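Have a look at the structure below before the remarks.
The values are calculated or read from the model by the stated rules, or taken from the named source; none is laboratory data. No experiment lies behind these values; they were computed from the predicted model shown. Here the Cβ positions follow ideal geometry from the backbone for every residue, glycine too, while neighbour counts run over all protein chains shown. In case anyone asks, the SASA skips ligands and DNA or RNA and just uses the protein heavy atoms, side chains included. Shrake-Rupley method; radii C 1.70, N 1.55, O 1.52, S 1.80 Å.
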Amino acid sequence: MDRIIKENAATIGIPFAALRAIIEVETGGIGFEPVTGKILIQFEPAWFRKHVPYAPSGLWSANRVERQAAEWDAFNNAYAIDPEGAMKSTSIGMGQIMGFHYRRLGYATVGAMWDDAKKGIDRQIRQICLFLRSDKRLMEAIIKEDWTTFATIYNGAGFRELAKKYNRVPYDMAIGRAYQKWKKIKI
């Protein structure tokens, strides 16, 4: 996997350590759930409400967990209401890229983005690179090793509050630490 990460990082002009750190912090370096083999997801009820304002409350609206089985239950409930809205409202794979970014990554449909990510880790790594390359501010933050700006753009301005809520290391600090670790490793 590291060879694929190194090649993709070079393609978009960022250090291997940066791309490896992003992958590590986002999903621990995996893109598929080890037990089921399903693509990793995080269904976001707030986004589903925006994409499908007519949706009746249901299992999807109570999703506040990060266990894959519960994420899939909520996603499947939303999918039964509006498939496209559910896919747009879910982050997927190693990079946890929201489905509504499908056009930004060059896909004609959100389903095409999902289908491509399901093909393998190499496709998920490519999607991360497409996402990063599509935002000049993200690229500049990576090159400058400005992990606070990166975290704000990639995960939203509330990343510190979210970390505090879940008793986690803030995203910018986690990326910075992972980056320093991977800088020392020669691939």
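Per-atom-type breakdown for the stretch 95-187 gives carbon and sulfur 52% of the accessible area (1.4 Å probe, protein chains only). With 26 Å as the limit, the listed pairs Lys50/Lys165; Lys144/Lys181; Lys119/Lys183; Lys38/Lys144; Lys119/Lys181; Lys119/Lys165 have Lys119/Lys183; Lys38/Lys144; Lys119/Lys181; Lys119/Lys165 beyond it between alpha carbons.
In this simple spin-label model, placing a label point 7 Å from the Cα along the Cα-to-Cβ direction at both Ala10 and Glu145 gives a separation of 2.2 nm. Relative to its Kirkwood radius, the Cα radius of gyration of the chain gives an Rg/Rh of 0.96.
Karplus-based coupling profile of the stretch 22-38, in residue order and whole Hz: 4, 5, 4, 6, 5, 9, x, x, 10, x, 10, 5, x, 6, 9, x, 6, with θ = phi - 60° in 6.51 cos²θ - 1.76 cosθ + 1.60 and x standing for Gly or Pro. For the chain, modelled as a Gaussian network with Cα springs under 10 Å, which listed residue fluctuates most, Tyr102, Tyr54, Tyr166? The residue that fluctuates most here is Tyr166.
State the volume of the convex hull built on the alpha-carbon positions of the stretch 1-82, expressed per residue in Å³ and rounded to an integer. Show your work: numbers first, answer last.
Working: hull volume 9.8 nm³, N = 82.
Cα-based convex hull of the stretch 1-82, divided per residue, equals 120 Å³.
Between Lys118 and Ser134, the contour length at 0.36 nm per residue exceeds the alpha carbon distance by 3.6 nm. Charge tally for Leu105 (other residues, Cβ to Cβ under 10 Å; Lys, Arg +1; Asp, Glu -1): +3. Summed over the residues of the stretch 39-135 and divided among them, the accessible surface reaches 45 Å² per residue at a probe radius of 1.4 Å. For the chain, the longest principal axis of the C-alpha atoms and the axis of helix 2-12 are separated by about 90°.
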